[in-house]
Amino acid sequence: MMDPYDHVDVWLNAVQDLLGFYSEAVVANFYDTLMQAEASAQILSRLSDAEMTHLRACQVRYLTQVLSPGLSQEQHMSMAREAGLHHTWIGLPVNVLAQSFQVYRAVLEDAIYSDLANSVTMQSIIMERLSNDLSWQLMAYTEAENERANTLEELRQIISASINREDIIRETLQSIVKIPGVAGVEIISVGEQYDLHCELGFGHTCCAANPKNLLLQAWIDKKPLHINSIQKELAPEEWAKAQAIGLRSMAIHPILSTTGAPQMLMALYSPWPGYFHPPWQQSFWASLEQYLGDRLETLLSLSNNKQAKPA
């Protein structure tokens, strides 16, 4: 079998004109097909028209890069793994990614294989590169899963080692904002009259632009609230600030005590639409909520006990 990266310039140079002619049609057909499947259509529906246009343009460039004559195996692996990480950040499930590649291959075959009918070698090079692309993107999914597990353990250790409320909040938020795909995080306290106060934040945040009703809804319901598309789900006056600093999605998590009482709110922001929606994200933040809530309650209990002791 021919190495799809070694001495293949003569083959791929010959297909560049075809690729340039068909690439936009291939990508357009590809996304039209994806919109017919519920799982992928749900993800794509979070994008604005401008974002969808940008995504299609990026896909055209990506296809051109994947099939460019000068692409090395190492370069391809790097760009595919980066693309895989991006797909995890928008919540694209593994099975949908695999299915989308089947669609992509079929559309590509329909578009250009009639002009390559007598070139088995060319078809083999193209299919090998596309197969590699999928394999390396799937590798990124595994790496992201391992990184989430490691990050959660690191956060658990930070939370366990903290000895006062201020330290636990500051050190936890400083670690959270370093997580790939997270643009900002902040802690919001809620007073007796439901007045809101942003205690601390790191990264890109927009507490002042957050709709009070959503923050209080998460507080009263004692359940996380996800905004998968800030632009589509909030009123223009509420998302203007978020849009200006590149935020596309957000989540509001009440930090609960062991009895289920909310202690504070944690607001998270991402430049990726739907970032907080996937099951693996919800599981991660639910575990962190529990660690944080339990530790804060323990510290409060210890502080109250010390104050209650007679001098």
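Below are the figures for this structure:
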item	result
Whole-Å distance, taken between Cα centres, linking the range 244-293 and the range 180-227	10
Rh (Kirkwood; distinct C-alpha pairs) - the range 81-193, Å	17.7
Tilt relative to the chain, helix 279-308 - C-alpha long axis, 0 to 90 degrees, to 10	20
Relative contact order (%) - the chain, alpha-carbon pairs under 8 angstrom, separation at least six	17
Mean Cβ neighbour count within 10 Å, used as a protection proxy, ranking 243-254, 136-147 highest first	243-254, 136-147
Cα-based helix-to-principal-axis angle, 9-34 vs the chain, degrees rounded to 10	50
Residues of the range 160-254: accessible area per residue with a 1.4 Å probe, Å²	50
Share of carbon and sulfur in the accessible heavy-atom surface of the chain [1.4 Å probe, %]	52
All Cα pairs of the range 1-40, percent lying beyond 17 Å	54
Virtual spin-label span in nm between A161 and W280, 7 Å along Cα→Cβ	2.7
Extended-chain gain in nm, criterion 0.36 nm per residue less alpha-carbon gap, D32 and S301	91.2 nm
Cα centroid separation - the range 1-58 against the range 160-176, whole Å	44
Ellipticity estimate at 222 nm from DSSP helix runs (n ≥ 4, -39,500 (n - 2.57)) divided over the chain, nearest 500	-21000 deg cm²/dmol
18 Å reach of a label modelled at Q243, 7 Å along Cα-to-Cβ, counting backbone N of the range 40-83	45-55
Spin-label pair V94/I220, simplified geometry with 7 Å Cα→Cβ offset, distance in nm	4.1
Modelled label reach - E233, point 7 Å along Cα→Cβ, the range 246-274 residues with backbone N closer than 19 Å	246-255, 265-274
At R0 = 35 Å, FRET efficiency that the Cβ-Cβ distance of Q123 and M52 yields, to 0.05	0.70
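The values are calculated or read from the model by the stated rules, or taken from the named source; none is laboratory data. Just so you know, these numbers come straight off a predicted model, no measurement behind them. Glycine also receives a Cβ, built like all others from the backbone with ideal geometry; neighbour counts cover every protein chain displayed. Keep in mind that these areas ignore ligands, DNA and RNA; they rest on the heavy atoms of the full protein, side chains included. Shrake-Rupley method; radii C 1.70, N 1.55, O 1.52, S 1.80 Å.
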